[in-house]
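First comes the structure, then the notes that go with it.
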Amino acid sequence: MRVLMTVSCGLLCIGALAFPFSVAVANIALGFVLFIGVFSGIWWQGAKQFWSSSRNLLLVLGLYFALMFLGIIWSLDPDWGIRVIGRQWFWLLVPIIVVLLREERWRNYFLISLSAGLALNLAYCILQMLSYVEVTTNGSNFQNATGHIGHIGFGEVYGVWASWLLYLGWQKHGNWRWMLWMFAVWSYVMVFSAHGRGGYVVALALMIIVIFERFRGHHPWRPVALVMFVGVVVVSVFAMGPGKERLLLAWNSLSQVASNESSKIGGLANLSSTEVRIEMFKTSVEVWQAHPWLGAGTGGVAQAVSQLGDLENGAQRIQFFHPHNQYVFNLARWGLTGLLLILAVFYFWMREGWKHSWNSSMAFPLVALTGAGLMIHGLFAPAMEEHFSGVLAALLLGTGLSTLNSES
């Protein structure tokens, strides 16, 4: 058993190192970890520990994925629903990680491997920005350098990592503190250089959470003053950097939607990305209204959108598999039950993240930070099921929970 655990820990570190670069390599390494964990009994051991330390969180997560399975029964497209379920295998890693990383030595190796991979990916993004490397991932190019992650998940991944480094820096002294903060600042700069406005929100929100957590119990003016200072810096960056144009574009798009000008100047064919997402939200609500009790089922949203037909003005409706919003997505495919369940998942996840002091372990803050990151990212993407944000959340949730039964 000891040999199997050592091999699994090594594969976990390999998967973490490859995570930002290669989906295939990361999936192979993590897949072997899952295989070994299930057939060696490590998974069952971890599930028992998960249940004893975080019962409510495990219960709502189990109900969430049970609903995903049950949703196949009434799905308008069960074949696609099965594909959706198949992509969620990485959540099964959480109980295994709870056991594998109980030993502080392996937990540190894993976090160093993941951080090394993320830091190397930032350097890779710089090379991409300078056109030395070419990436074929959608939403990633020299003007929007996000490597193989792509702009949708980039802000969530690096927002979580940077916020953890920011908090960890306060726990260290001397050169360690400045090195950690240097990587945190580098991450923030790259997030705000990327074309992902949702990533801006995630990164800033997590930064503010860390600031208030760090100064909780101190004089109340300190976190407020620091947040105001950060706000001034961010506004200055926007005023000089590429984020200014992107936010202005989003604001203008929202203004056009509010005044209905977009339909007057060309209809759906000329909508901006912001307007397209708003149309997706509206259409998803229509899907729910057409299937108010159970929704369109797992994998059935795209088929339900097709059944709605064209818009009232005769324009062709935008076709999509998900509306870039976890909450509206759950409403459309599972009804109010799905919406309430995802809210319960994030509630118990966040409550678990603040159940113990963040100072108890350098890894424990990752529980709250990943939960908050997914919750906010869910406003802009199907966060629980998106590859990079979902895999990172599963890995870091298991890592944080492993500290509750830690072995030095």
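At-a-glance table
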read-out	value
Residue match in region 381-403 (condition: assigned to a helix (DSSP H, G or I), more than 12 Å from the chain's Cα centre (by Cα) and at positive phi)	no
Boolean, Gly243 is surrounded by 15 or more Cβ atoms within 10 Å (Cβ to Cβ), closer than 18 Å to Phe380 by Cα and either modelled with pLDDT under 60 or touching a Phe, Trp or Tyr at 6+ places or on another chain (Cβ under 8 Å) (or both)	yes
Sole residue being free of Cβ contacts under 8 Å to residues at least 60 places away in the same chain, surrounded by 19 or more Cβ atoms within 10 Å (Cβ to Cβ) and part of a helix (DSSP H, G or I), chosen from Trp51, Trp43	Trp43
Sole residue being under 22 Å from the mean Cα position of the chain (by Cα) and aliphatic (A, V, I, L, M), chosen from Leu100, Leu76, Leu70, Leu61	Leu61
Residue among Val98, Val84, Val133, Val94 that is more than 25 Å from Gln49 (Cα to Cα) and in a helix (DSSP H, G or I)	Val84
Counted residues, region 358-378 - those being more than 16 Å from Gln171 (Cα to Cα) and either among the charged types (D, E, K, R) or not in a helix (DSSP H, G or I) (or both)	1
Per-region count, region 54-66, residues buried (at least 18 other Cβ atoms within 10 Å of the Cβ) and out of contact with any Phe, Trp or Tyr (no Cβ under 6 Å at 6 or more places or on another chain)	3
Residue satisfying all of: in region 81-102; of a type in the set (Lys, Arg) and surrounded by fewer than 17 Cβ atoms within 10 Å (Cβ to Cβ); farthest from Gln303 (Cα to Cα) among these	Arg87
Matching residues in region 128-139 - criterion: being surrounded by 16 or more Cβ atoms within 10 Å (Cβ to Cβ) and over 21 Å from the mean Cα position of the chain (by Cα)	Gln128, Met129, Val135
Flag if Phe329 is hydrophobic (A, V, I, L, M, F, W, C) and farther than 30 Å from His173 by Cβ	yes
Subset of region 140-186 that is closer than 18 Å to Phe380 by Cβ and among the polar types (S, T, N, Q) - its residue that is surrounded by the fewest Cβ atoms within 10 Å (Cβ to Cβ)	Asn144
Output for region 5-34, where each listed residue is in contact with a Gly (Cβ under 9 Å, 6 or more places away or on another chain) and not in a helix (DSSP H, G or I)	Phe19, Pro20, Phe21
Qualifying residue in region 395-408 (condition: farther than 24 Å from Ala47 by Cβ and surrounded by 15 or more Cβ atoms within 10 Å (Cβ to Cβ))	no
Subset of region 363-408 (residues that are of a type in the set (Phe, Trp, Tyr) and either without any contact (Cβ under 8 Å) to a residue 40 or more places away in the chain or under 13 Å from Trp164 (Cβ atoms) (or both))	Phe364
Matching helices (runs of 4 or more DSSP H) fully within region 270-357 where at least 1 residues are of a type outside the set (A, V, I, L, M, F, W, C), modelled with pLDDT under 85 and crowded, with 17+ Cβ neighbours inside 10 Å	273-290
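One line per residue, one yes/no per condition, for (1) modelled with pLDDT under 95; (2) more than 30 Å from Gln307 (Cα to Cα):
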| residue | (1), (2) |
| --- | --- |
| Leu57 | no, yes |
| Gly71 | no, no |
| Pro95 | no, yes |
| Leu127 | yes, yes |
| Leu130 | yes, yes |
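The values are calculated or read from the model by the stated rules, or taken from the named source; none is laboratory data. The shown structure was predicted, so the numbers you read here are calculated from the model rather than taken from an experiment. Cβ coordinates were reconstructed from backbone atoms using ideal geometry, including for glycine residues, and neighbour counts include every protein chain displayed.
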